[in-house]
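Structure first, commentary second.
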Amino acid sequence: MYDFAYHRPKSVADAVALLKGKEEARPMSGGMTLIPTLKQRLARPSDIVDLGAIKELAGIKVEGNNVVIGGMTRHYDVASSADVKAQIPALAALAGHIGDPAVRNRGTMGGSVANNDPAADYPAAVVALNATITTNTGKHAADAFFKGLFETALSEGELITSISFPKAENAAYVKFPNPASRYAMVGVFVAKTAGGVRVAVTGAGPCVFRVKAMEDALAKNFTSAAIKDIKIPADDLNSDIHGSAEYRAHLVGVMARRAVDAANK
């Protein structure tokens, strides 16, 4: 691990000032990705700005038809929240199956979404539920937020303060996890909301993506039978020692059907 200066600000304004005022400064929420990266010397930030002491960034509340979750809210708190369980049980279930207990008690929603790991779970929920990402400078629509491999619409010094999830009529998330890391080799979040049906896939490609053919079919008939013949092209999907692109393409269909069945229970 390389040397760096450590900061623990108590307000968003102070954190932003540190990030903009220091060369190669990096924010840290739960540290579940950053700390291992530092240990392996794959990153060499000049400064680490720990967001853990900023109380205003954590918490869960219901506002009208939306569940608003602070960026520093930990996975465990999302999974165990009575409000999330009552309003969007699929989101609580997703959070309860991220990593292991140690990760769930340290990792945060905002950190995961900002990192945009291609196999992370939350991006699928953000896109499928058409959530709105609020930052210290403005708002981002879900469809415009995730840009590519570890890339988002966040600009320098921009921090996720909260994410607002519309309530769903029916929703479920099903993933095929890597048995060692628990990351999704393929995860599919299916949601039927007031705005229509959305199907979001994580783990299969470089970035979360929607499957319009499935959305159109499910809008007419919200059953797994409606999508059983829809094939996902393997082009541009991930291929590694854990599974080929063709295998992941097959898993998208399997996980999507299971998600629809789970949503209809």
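Values in this text are rule-based calculations from the coordinates and carry no lab data. None of the values given here were measured: they were computed from a predicted structure. Virtual Cβ from ideal backbone geometry, glycine too; neighbours counted across all protein chains shown.
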Taking only the alpha-carbon atoms of the stretch 174-229, the convex hull volume per residue, in cubic angstrom, is 92
Once the Cα gyration tensor of the stretch 5-50 is found, what semi-axes does its equivalent ellipsoid get, as square roots of 5 times the eigenvalues, in whole Å, sorted largest first? 19, 12, 7
So what are the ³J(HN,Hα) numbers for the stretch 55-64, from phi and the Karplus equation (6.51, -1.76, 1.60; θ = phi - 60°), rounded to whole Hz, Gly and Pro as x? 4, 5, 8, 10, x, 10, 8, 9, 10, x
Crossing angle, helix 12-21 versus the chain [Cα axis fit, 0-90 degrees, rounded to tens]: 70
To the nearest 0.05, the calculated FRET efficiency linking Arg182 and Arg41 through their beta-carbon distance, R0 being 35 Å, is 0.90
Given an 8 Å cut-off on Cα distances and at least 6 residues of separation, report the relative contact order of the stretch 34-186 as a percent. 23
Tell me the label-point distance for the pair Ser239, Ser80, using the 7 Å Cα-to-Cβ offset, in nm and rounded to one decimal. 4.4
Unit charges at the beta carbon, dipole of the chain: most positive-side option, Val127, Ala25, Val67: Val67
Cα-Cα over 24 Å: which of Lys55/Lys139; Lys39/Lys147; Lys55/Lys192; Lys61/Lys175; Lys85/Lys231? Lys39/Lys147; Lys55/Lys192; Lys61/Lys175; Lys85/Lys231
Determine the gain in length on full extension of the stretch Lys231-Lys212; use 0.36 nm per residue of separation and subtract their C-alpha separation, reporting nm with one decimal. 5.7 nm
Taking the Cα centre of the stretch 1-103 as the origin and placing charges on Cβ (Lys, Arg +1; Asp, Glu -1), which of Leu42, Ala86, Ala102 is farthest toward the positive end of the dipole? Leu42
Euclidean distance between Cα centres, the stretch 81-157 to the stretch 19-44, Å: 19
Given the Cα-Cα distance of His250 and Ala194 and 0.36 nm per residue of separation, how much length would full extension add, in nm? 17.2 nm
Under a Cβ-only charge scheme (Lys and Arg +1, Asp and Glu -1), can you give me the dipole magnitude of the stretch 1-76 about the Cα centre, in debye to the nearest 20? 160
With charges only on Cβ, +1 for K and R and -1 for D and E, what is the dipole size of the chain about its Cα centre, in debye, rounded to 20? 560
Percent relative contact order of the stretch 5-50, based on C-alpha pairs within less than 8 angstrom and at least six residues apart? 56
The chain: relative contact order from alpha carbon pairs under 8 Å, six or more residues apart, as a whole percent, is 15
Can you give the calculated 222 nm mean residue ellipticity of the chain, where each DSSP H run of n ≥ 4 adds -39,500 (n - 2.57) and the sum is split over every residue, rounded to the nearest 500 deg cm²/dmol? -8500 deg cm²/dmol
Anisotropy class of the stretch 101-196 from Cα gyration tensor, a/c 1.5 cut: oblate
How big is the gap, in Å, between the Cα center of the stretch 45-73 and the Cα center of the stretch 196-256? 31
Rough spin-label spacing in nm, given labels placed 7 Å along Cα→Cβ, for Asn65 and Asn105: 3.9
Inter-site label distance for Met1 and Leu149 at 7 Å from Cα along Cβ, in nm: 2.7
Starting from the Cα coordinates of the stretch 19-120, work out the convex hull volume and express it per residue in Å³. 118
Kirkwood Rh over Cα pairs of the stretch 225-265 into Stokes-Einstein at 4 °C, 1.567 mPa s: D in µm²/s? 118
Could you point to the residue in Gly187, Ser244, Gly205 farthest towards the positive end of the stretch 186-265's charge dipole, with +1 and -1 charges on the Cβ of Lys/Arg and Asp/Glu respectively? Gly187
For the ranges 177-190, 91-104, 6-19, what's the packing order if you count other beta-carbon atoms within 10 Å of each residue, average per peptide, and put the highest first? 177-190, 91-104, 6-19
